[in-house]
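Encoded as structure tokens, the structure appears first; notes follow it.
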Amino acid sequence: MTLKEGAPRLAMADEPNRICGMEEEILELFLILIQNGYPQAEEAIHFLEKQTDVSGITVGITNLRDVLSHLCTVVLHPDWSRDQKLAQCANAEEHVRRAIMDTYNRAFTILADKAFTRLEDYKEKVIPLKLKNHPITASAPSLDEVYHRLKRTKEAREEARKAKGRNDWDNEWTEGIKTLVNACIELEDLFREMDQAVIHGTQVGQDRKNTRLAWWAIISTVLFGIASLAVGYLALR
């Protein structure tokens with residue numbers, strides 16, 4: 001049986017170091033890259049989707065697709081020089097790094113936006129109660145603490161950006177990822193604390209409003225009763 005023209009073929013005996021026309025050395029570099037990087041990219045995508053309910057397709061999965069694209073480029077150009085193929089592998093590594101770092105960056109941006117949006121409600125509905133030492137805000141962070149934590153997460157992101165800019169998958173880059181993940185977690189924790197406090201503060205405001213309405217209803221009823229008595233008295237005269 002012979003293979004049809006253009007069909008894939010296994011390496012022949014006279015090509016001991018090639019698979020489908022691709023050098024084993026180059027293929028191994030791609031496979032090691034995928035073996036080491038793909039699980040980390042998947043973890044980043046899962047983190048983004050879990051923490052923000054935003055799909056990882058536009059950032060993480062798109063970059064992973066580009067990794068496959070670079071591999072296919074090498075497979076489809078067996079006549080390329082070794083340096084050209086190694087350049088494709090280097091480009092693939094960059095896309096794996098971006099699938100990880102850019103995905104966490106996307107999560108950070110979304111979580112930061114959520115925190116800053118909730119901060120406006122926090123300043124309006126919680127801080128006035130906290131300044132009056134209302135017991136319901138006892139565990140709520142002060143405004144200074146909120147700003148300090150937001151500043152700390154921003155600095156953490158800057159550190160991660162420096163690590164990304166080095167374009168080198170080393171310990172510093174790995175630490176940059178950890179720093180960024182921790183910043184995302186802190187943003188989420190801060191949002192939850194502010195959100196819970198805003199809910200309580202809103203309830204206090206609603207209770208006060210209901211109390212005022214109840215008092216107005218009582219006063220109105222009393223005034224109406226007095227007025228009715230007065231009208232009745234005048235009618236009898």
Fill in: Close pairs from the range 143-162: first without any contact (Cβ under 8 Å) to a residue 24 or more places away in the chain and under 16 Å from ASN182 (Cα atoms), partner assigned to a helix (DSSP H, G or I) and of a type in the set (Val, Ile, Thr), Cβ under 8 Å, at least 6 apart
GLU159/THR179
Worksheet item: Counting only residues that are touching a helix residue (DSSP H, G or I) at 6+ places or on another chain (Cβ under 6 Å) and buried (at least 19 other Cβ atoms within 10 Å of the Cβ), how many does the range 133-156 have?
Response: 4
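Mind listing just one residue for me: the one in the range 16-66 that is of a type in the set (Val, Ile, Thr), under 23 Å from the mean Cα position of the chain (by Cα) and buried (at least 17 other Cβ atoms within 10 Å of the Cβ) and, of those, nearest to GLU94 (Cα to Cα)?
Pass one, the range 16-66, residues of a type in the set (Val, Ile, Thr): 19, 26, 32, 34, 45, 52, 54, 57-59, 61-62.
Then drop every residue that is not under 23 Å from the mean Cα position of the chain (by Cα), which leaves 45, 52, 54, 57-59, 61-62.
Narrowing the set further to residues that are buried (at least 17 other Cβ atoms within 10 Å of the Cβ) leaves 45, 52, 59.
Values: ILE45: 17, THR52: 25, VAL59: 13 Å.
The extreme case among them is VAL59.
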Fill in: Cβ-Cβ under 6 Å pairs, at least 6 apart or on other chains, the range 96-110 side of a type in the set (Asp, Glu), far side buried (at least 21 other Cβ atoms within 10 Å of the Cβ)
ASP102/VAL59
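In the set LYS130, LYS85, LYS114, LYS125, which member is touching a Gly at 6+ places or on another chain (Cβ under 7 Å), of a type outside the set (Val, Ile, Thr) and surrounded by 14 or more Cβ atoms within 10 Å (Cβ to Cβ)? Spell out the reasoning first.
Values: LYS130 fails: touching a Gly at 6+ places or on another chain (Cβ under 7 Å); LYS85 fails: touching a Gly at 6+ places or on another chain (Cβ under 7 Å); LYS114 fails: touching a Gly at 6+ places or on another chain (Cβ under 7 Å).
Answer to the selection: LYS125.
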Practice prompt. Output yes when any residue across the range 95-107 is touching a helix residue (DSSP H, G or I) at 6+ places or on another chain (Cβ under 7 Å), basic (Lys, Arg) and either over 30 Å from GLY21 (Cβ atoms) or not in a helix (DSSP H, G or I) (or both), and no when none is.
Written response: yes
Discussion item. What's the number of the only condition in (1) at pLDDT 90 or above; (2) over 22 Å from ALA107 (Cα atoms); (3) surrounded by 12 or more Cβ atoms within 10 Å (Cβ to Cβ) that GLN203 fails to meet?
Written reply: (1)
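When you scan the range 22-38, do you find a residue that is touching a Gly at 6+ places or on another chain (Cβ under 7 Å) and in a helix (DSSP H, G or I), even just one? Before you say what the answer is, go through the steps one by one.
The initial filter retains those residues of the range 22-38 that are touching a Gly at 6+ places or on another chain (Cβ under 7 Å), namely none.
No, the conditions are met nowhere in the range 22-38.
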Discussion item. Among (1) in a helix (DSSP H, G or I); (2) in contact with a Gly (Cβ under 9 Å, 6 or more places away or on another chain); (3) crowded, with 18+ Cβ neighbours inside 10 Å, there is one condition LEU119 misses while meeting the rest; what is its number?
Written reply: (2)
Discussion item. Of a type outside the set (Ser, Thr, Tyr), surrounded by 13 or more Cβ atoms within 10 Å (Cβ to Cβ), in contact (Cβ under 8 Å) with a residue 60 or more places away in the chain and not in a helix (DSSP H, G or I): which single residue out of TRP169, TRP173 fits that description?
Written reply: TRP169
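The values are calculated or read from the model by the stated rules, or taken from the named source; none is laboratory data. If you're wondering where the values come from, they're calculated on a predicted model, not measured in any experiment. Don't worry about glycine lacking a Cβ; one is built from the backbone with ideal geometry, like all the others, and counts go over all protein chains shown.
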